[in-house]
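Enquirer: Okay, handing you the structure first.
The values are calculated or read from the model by the stated rules, or taken from the named source; none is laboratory data. All of these numbers come straight from a predicted model, not from anything done at the bench. Heads up, the Cβs are rebuilt from the backbone with ideal geometry, glycines too, and the neighbour counts pull from every protein chain shown.
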Amino acid sequence: MKHLLSIPATVCAAILVTGAWAQDNPPEIEEALAVEGARVTLPVSAAITKDVFTPEWVRAARANWNNFHFQMGGDHALYYAMHLEEFIPSSEASPNIAYKPLQREILPELRYIVQPTAQGDLTLEEYMNHPIYRAQAMVMVHKGKVVYESYPGMRPTDRHLTASTGKITVGVVLMQMLAEGKIDPDKPITDYVPELAGTVWDDVATYDVANMTTGLDNEETIQAILLPDSPVTRFLASTVGSPRATTGVVEDWVDVARDQEKLEGEDPGKVMRYASLNTTVLTRMIENIERKPFTEVFEERVWSKLYARQSMMFGLAPNGTALPVGIAMANPEDYAKFGVMFTPSWHEVSSERVVTEEMMKILYDNIDKERYAKGAKLATSEADFNDPASGNALQFDYIWDDGAIAKSGNLSQMIYIDPARDFVSVFFSTTPFVGGYGEFKAGAYQRAAAKLLAGE
């Protein structure tokens, strides 16, 4: 078996935290697609019956396991996305001792919401069952009740990869600690992560790490992903214990972080540039302040209050750092309940209020429309939601003027939270970014549903 980043190091930096490819496949992708299990031949419904997942089939998936093979989004990825803890060491955040399912008040009209797509104008029901979108689950919750749910590619009791939507687990803890005065956002990040002292991080405020405006040369662009020794590729390789492409040495992510460089002519705070390294630095900061592993912090502060069915799982880097950055798993309804913590119906899902008005004010106060307009996420929001966002903050990629917030993830995951409309929706899929796949419109349906339910 190849190392996770040995031969395909030029592109597999896109592991679980990025996910978009150029129109013309590089040779590495064509080679990867030739591997057994890399292409889509199975419908997502195969993950419901699981009949195809025989011991022999699973052994073949295990033999071919690497993050680049996963990124192809093929048959094996369908299994990886729901059994990630079998492939990466993981830690567990346990829920509240009381489990309470959400009440159902299903509204059939939501099935007929129409949005424009590359396949034409599709209803939500058509989108969820269209083979090109590989949808596995969508849950919508309004005023604390499930108003829509569909599981074309998983069982309601299964867990699924959250990918980069998991970054908001760091965001919510960060909001709490800012409200508690445990973090001064104006201080250099190296005050809290001394492991990075004596490097370019000395000149980066904690605020800028939290809001993806570090001014460092580590933005996750296609160009960076396609370079075998870019800061992006090196960092993501280090999180899963894969060797650096140019040396064959497995690096610690902290050492990679120490080797970052400034962008010429750009000061911190000026442009939103998406970089997963920032989230992992924040994870370490939380661990350093709380003197506990991140998973334990998140359990104590958040998940243990939630009336969830299952634990949330976080993958671990070789040095033991939790990876909410992109390697996490949750049950769809549980994850939606987590979103409801941000709404007026929090009491339906939690033993106590976790996300306070003060925390939400901190989130919104971190928005800077100017920095957002200069970054790439503005155009992405227009493409994914058919409605451009106006800012980002504290690990949320998309924030609108009406207060709605959202976070997307690789292989097409989405969590949309709309506090003013008391609405939350979670979408899980295993959608490739090659072979004609890749369009992502779940967010457009989620936002349209929120507006419809609000009478708009």
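Enquirer: Considering each residue of segment 418-450, count those that are surrounded by fewer than 23 Cβ atoms within 10 Å (Cβ to Cβ) and out of contact with any strand residue (DSSP E or B) (no Cβ under 9 Å at 6 or more places or on another chain), and give that number.
Expert: 7
Enquirer: Condition check: touching a residue at least 60 places away in the same chain (Cβ under 8 Å), within 18 Å of G326 (Cβ to Cβ) and under 23 Å from the mean Cα position of the chain (by Cα). Does V271 satisfy that?
Expert: No.
Yes or no, residue by residue, for (1) part of a loop (DSSP other than H, G, I, E, B); (2) touching a Pro at 6+ places or on another chain (Cβ under 7 Å):
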{"site": "E30", "(1), (2)": "no, no"}
{"site": "A38", "(1), (2)": "yes, no"}
{"site": "T41", "(1), (2)": "yes, no"}
{"site": "D51", "(1), (2)": "yes, no"}
{"site": "A61", "(1), (2)": "no, no"}
{"site": "F68", "(1), (2)": "no, yes"}
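Enquirer: Any idea which of (1) under 19 Å from L282 (Cβ atoms); (2) surrounded by fewer than 24 Cβ atoms within 10 Å (Cβ to Cβ) is the one L394 doesn't satisfy?
Expert: Condition (2) is where L394 drops out.
Enquirer: If you don't mind, another one. Among the residues in segment 386-398, are any touching a Gly at 6+ places or on another chain (Cβ under 7 Å), assigned by TED's automatic domain parsing to the domain that holds D121 and under 20 Å from E456 (Cα atoms)?
Expert: So far as segment 386-398 goes, no, none of its residues is touching a Gly at 6+ places or on another chain (Cβ under 7 Å), assigned by TED's automatic domain parsing to the domain that holds D121 and under 20 Å from E456 (Cα atoms).
Enquirer: Which one is nearest to R134 (Cα to Cα) among residues in segment 81-90 that are at pLDDT 95 or above and buried (at least 21 other Cβ atoms within 10 Å of the Cβ)?
Expert: The qualifying residue nearest to R134 (Cα to Cα) is A81.
Enquirer: Go over the candidates Y133, Y99, Y192 one by one and state the one that is surrounded by 15 or more Cβ atoms within 10 Å (Cβ to Cβ), in contact (Cβ under 8 Å) with a residue 40 or more places away in the chain and more than 27 Å from E358 (Cα to Cα).
Expert: Y133
Enquirer: In segment 161-189, what residues are more than 23 Å from A404 (Cβ to Cβ) and of a type outside the set (V, I, T)?
Expert: Within segment 161-189, L161, M177, E180, G181, K182, D184, P185, D186, K187, P188 qualify.
Enquirer: Then there's this: Within 26 Å of L236 (Cβ to Cβ), surrounded by 23 or more Cβ atoms within 10 Å (Cβ to Cβ) and not aromatic (F, W, Y): does that describe A317?
Expert: no
Enquirer: Looking at segment 123-226, what helices (runs of 4 or more DSSP H) fall wholly within it and have at least 3 residues that are closer than 24 Å to Y79 by Cα and assigned by TED's automatic domain parsing to the domain that holds A373?
Expert: Qualifying helices (runs of 4 or more DSSP H): 124-129.
Enquirer: Related question: Within the bounds of segment 247-259, is there any residue that is farther than 18 Å from P318 by Cα, surrounded by 15 or more Cβ atoms within 10 Å (Cβ to Cβ), touching a residue at least 40 places away in the same chain (Cβ under 8 Å) and not assigned by TED's automatic domain parsing to the domain that holds I327?
Expert: no
Enquirer: Out of the residues in segment 322-343 meeting the condition of being of a type outside the set (A, V, I, L, M, F, W, C) and touching a helix residue (DSSP H, G or I) at 6+ places or on another chain (Cβ under 7 Å), tell me which one is surrounded by the fewest Cβ atoms within 10 Å (Cβ to Cβ).
Expert: Of everything passing the filter in segment 322-343, T343 is surrounded by the fewest Cβ atoms within 10 Å (Cβ to Cβ).
Enquirer: Of R234, R284, R273, which residue is in a helix (DSSP H, G or I), crowded, with 23+ Cβ neighbours inside 10 Å and among the basic types (K, R)?
Expert: R234
Enquirer: Please specify each residue of segment 356-386 satisfying the condition of being surrounded by fewer than 18 Cβ atoms within 10 Å (Cβ to Cβ), of a type in the set (S, T, Y) and assigned to a helix (DSSP H, G or I).
Expert: Y364
Enquirer: Mind listing whichever residues of segment 244-270 are of a type in the set (K, R) and within 20 Å of A205 (Cβ to Cβ)?
Expert: Selection gives R258, K262, K270.
Enquirer: Inside segment 387-436, counting only strands (runs of 3 or more DSSP E) that do not spill past its ends, which hold 1 or more residues that are closer than 26 Å to T214 by Cβ, of a type in the set (A, V, I, L, M) and touching a residue at least 60 places away in the same chain (Cβ under 8 Å)?
Expert: It comes to 391-393, 405-409, 413-418.
Enquirer: Working only within segment 320-351, note down all residues that are under 16 Å from T239 (Cβ atoms), in contact (Cβ under 8 Å) with a residue 40 or more places away in the chain and in a loop (DSSP other than H, G, I, E, B).
Expert: Within segment 320-351, T321, L323, P324, V325, G326, I327 qualify.
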